[in-house]
Each structure stands twice: as structure tokens, then as C-alpha cells.
Amino acid sequence: MKIIKFILKFILTPILVLLVGILVFFTIKNTLYLGTENPGNIAYLKAHNEVLDRSNLDFKSFDSAFYNNNIFILSENHGYEDVQTIDYALLIHLNKKIGLRYYIAETDSNNANRLNSFLRNATPDVNLLKEFVKNIALGIPQQSSQQLFDKWMRIHAYNAQLKNNAKIEILGLDQNYDDKTTKLSRDSSMLLNLKYYVETKHLEKEKFYGLFGYYHSLQSSVNENNRFPFAAKLKRYAAYPPFQKVQSITTYTLESEMYMPKMEGVPTPPDNKLTMFNIDGPIALVRGVKDLKATSQPNSLTLYHLDAENSPYKKSQNLAGVNVNFIGDKVVPNNSTQVTTDFFQHIILLRGSKSLSPLK
């Protein structure tokens, strides 16, 4: 028995030392990447934010220049409950404020047609909406949820109050999930599909709003291979200048739970909730997050405007891009000349968001 214990100790001790060493290495690496608080950034953020009320979301701090744009994109890392609430509130806000009625969606035309049918029915067709939510899982598993269902029930109720020529309509921009033949990237397809809708429906004078994954909302090229997300393609689309007037509002999370439904071949926790993908690590890292943390309260929603006069975010890359450890792909600026407001102009920080939950 003593010999066995000695052998186990001989084998396990180096392994334990190695694991501790790896943990210490990544802790130091993450700390150095995140950096320290910046007093100048903190002073700016304190002067250019709005604390949002979860129970009655409204947006009072966007300036007139914001509403003069033609395309508004809210971005997310999929799986957080607060995002669905914000998405509903922003859509209704823009509808009331500027008459915006076209919701561009990160889904295919088949699913968009289901949603439009649901919205047109005077009585909400619960089964049709459930079919829509379940089909979302084919493209975005983390978004297919009870909260997604509840959001569209609320939009249906709001839409029912509008006149026929003012009702909200969904434009599905993504590739069809069952189409394996196209060689276009998703982002190129979304641009061309939006152009198609504008031309065929004669929407040249309309404005558009939608919720997209974080990557698709970025307005400049990313990573070493110089990739151009959907919003960056809009900004570069010289053939139709109105597309270039776009505003991106990104959502970042701290102390929040992400929904990770069970997927084949992907290890997930029993309760389908993960807390390791907030932007202060250990997996996802955003340089400058400590300034956001210093200017917000736990369990809160805070809207920040990064594009005001004399903004430090017009001169640096703080908050621009997400570096990733261990799994997944990083999304970071392509070169040193880019600044944060080249990618997005506003941030909503979610602190203490709950995760989405499975459809009942």
C-alpha cells in the first residue's frame, strides 16, 4: 500500500504542479490584457451614460444625430435574458420616435415568413410562434427560448394597435438554413438580401432595425485575415449610400449567466447556464472593461455613448473587440489605425443578467 501511495504521489504531484502553473499563467496573462482603470476614460463614461430601468426600459439620451441614421443594429453574444428585453424596447422606441417599422433579422426568409404570418393574425397563433422559436435553434441554438417567445408575443400585442400601413414587418436576411449550395458568406448574403428587399418592396425611404450576433454588428474589418462583417459591408457599400448611415449598439456582460442548451457533441452543464463568458474572463476578454465596471453598479443596465465630442474612444481601441482563450475565435481590430468608434458607437452593459431558458 505504501508503494502504491508513493507511486501515485510521484505521478500526480508533477501533474498538479503543471495545472497550477497553467492556471497562474493564464491569470497573469488575462490580468495584463485587461489592463488597469483609466481615469480619463472613466471621467468620459460617467458623463455619457444612461442607467436603464429593467422594469420600464426607455432611451432618453440618444442625440438627434443618432436618429438621422438609416440602419440601427443591436448586437449580442447569444443567450442572455436582458438582450431580449432590450431588443423589444429599442424596436418600440424607434417605431414611436421615427416611425421605423422594418425589423431586419438574423434568420432566413422561411422563418421570417412564419413570424410575419404570426404578426398579421388578429389572434396570436401560439403554435405558429412556437414553430418559429424551435426553428431558430437550427441557426442560433442559444436564442431559441421562452424569452424569445415572450418577446414576440409582446410585439404582436403592440403591432395590433398600429394601423395597417404602419405595422412592423420582419425581413429575414440570413441564408436559408437548408441551403447548402451558396458559396457566399453569411454577411455578404445578408447585405444582398437587404438590397433585394429595398428594391423589390420599394423601401428606399425606410429605416431598419435588428438584433444580430456581435460579429455581424461590427462596422470595420477584423482579425488578421481582414474579414468584413455585415455592418462593415454596409459601411463600404458605395452602390447605395443610405446603407452607410448605420449605428451599432453592442451589448457586453458582467456577472451574467449565458444560456447553453444541450447540443450534440458539445458539453453543457446540467442547468444549461454558463458564467464564464462575461467580458472580464476567463474565456472572453475586452480591454477596458474595468472602466465600464467602475462607472456602473452591480445588477444594472447602463447605456454608454462612445461617439460624443472629445471621446477617448475616437482615439483608442479600448472596448473594441473580444479576445478569446481556449475555445472559439477572437474578434479584434485588424490594424492599429482603427479606433473603437469605427466598430460601434454605443454600448449597453448588462450586469447580473439571467440566462435565457428553454421554451415551455
Among beta bridges that DSSP assigns inside the chain, antiparallel share in %, nearest 5: 45
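Can you give the FRET efficiency for residue 121 and residue 65, using 1/(1 + (r/R0)^6), R0 = 41 Å, r = Cβ-Cβ distance, to the nearest 0.05?
Plugging the Cβ-Cβ distance into 1/(1 + (r/R0)^6) gives 0.60.
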Loop trypsin sites (Lys or Arg not before Pro), region 29-63 (other Cβ atoms within 10 Å of the site Cβ: 16 or fewer; DSSP): 54, 60
Cα convex hull of region 89-177, projected area averaged across orientations, nm²: 5.4
³J(HN,Hα) computed for each position of region 253-265 - Karplus, 6.51 cos²θ - 1.76 cosθ + 1.60, integer Hz, glycine/proline x: 10, 9, 6, 10, 9, 9, 6, 10, x, 5, 10, 4, x
Hull volume in cubic angstrom per residue (convex hull over the Cα atoms of region 266-343): 121
Relative packing of 256-266, 141-151, which averages over residues the other C-beta atoms within 10 Å, highest first: 141-151, 256-266
For the chain: accessible area per residue (Å², 1.4 Å): 49
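What do you get for Rg/Rh over the chain if you use C-alpha atoms and the Kirkwood form of Rh? Show your work: numbers first, answer last.
Details: Rg = 22.0 Å, Rh = 21.8 Å.
Rg/Rh for the chain comes to 1.01.
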Helix 146-159 axis, angle to the chain major axis (alpha carbon atoms, nearest 10°): 20
HN-Hα J in Hz across region 118-134 - Karplus 6.51, -1.76, 1.60, θ = phi - 60°, x for Gly and Pro: 4, 5, 6, 5, 4, 9, x, 8, 4, 5, 5, 5, 4, 4, 4, 4, 5
Local electrostatic count, residue 51, Cβ distance below 12 Å [Lys/Arg +1, Asp/Glu -1]: +1
Whole-percent carbon and sulfur share, accessible surface of region 198-344, 1.4 Å: 50
Highest-first arrangement of 78-87, 335-344, where packing means the average Cβ count within 10 Å: 78-87, 335-344
Cα centroid of region 248-303 to Cα centroid of region 341-360, whole Å: 8
On Cα atoms only, tilt of 186-201 relative to the major axis of the chain in degrees: 10
Angle between the chain longest axis and helix 2-34 axis [Cα atoms, degrees, rounded to 10]: 40
Amide H partners (placed H, <5 Å) of residue 80, local residues excluded: 259, 356
Local electrostatic count at residue 233 - Lys and Arg +1, Asp and Glu -1, tallied over other residues with Cβ under 13 Å: +4
222 nm mean residue ellipticity, helices alone, for the chain (DSSP H n ≥ 4; -39,500 (n - 2.57); rounded to 500): -11500 deg cm²/dmol
Region 164-243: GluC sites (Glu not before Pro) falling in loop per DSSP and having at most 12 other Cβ within 10 Å: 204, 224
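The values are calculated or read from the model by the stated rules, or taken from the named source; none is laboratory data. Just so it is clear, the model here is predicted, and its values are computed rather than measured. All Cβ positions, even for glycine, are placed from backbone atoms using ideal geometry, and neighbour counts span all protein chains on display. Only protein heavy atoms, including side chains, enter the accessible area calculation; ligands, DNA and RNA are left aside. Shrake-Rupley method; radii C 1.70, N 1.55, O 1.52, S 1.80 Å.
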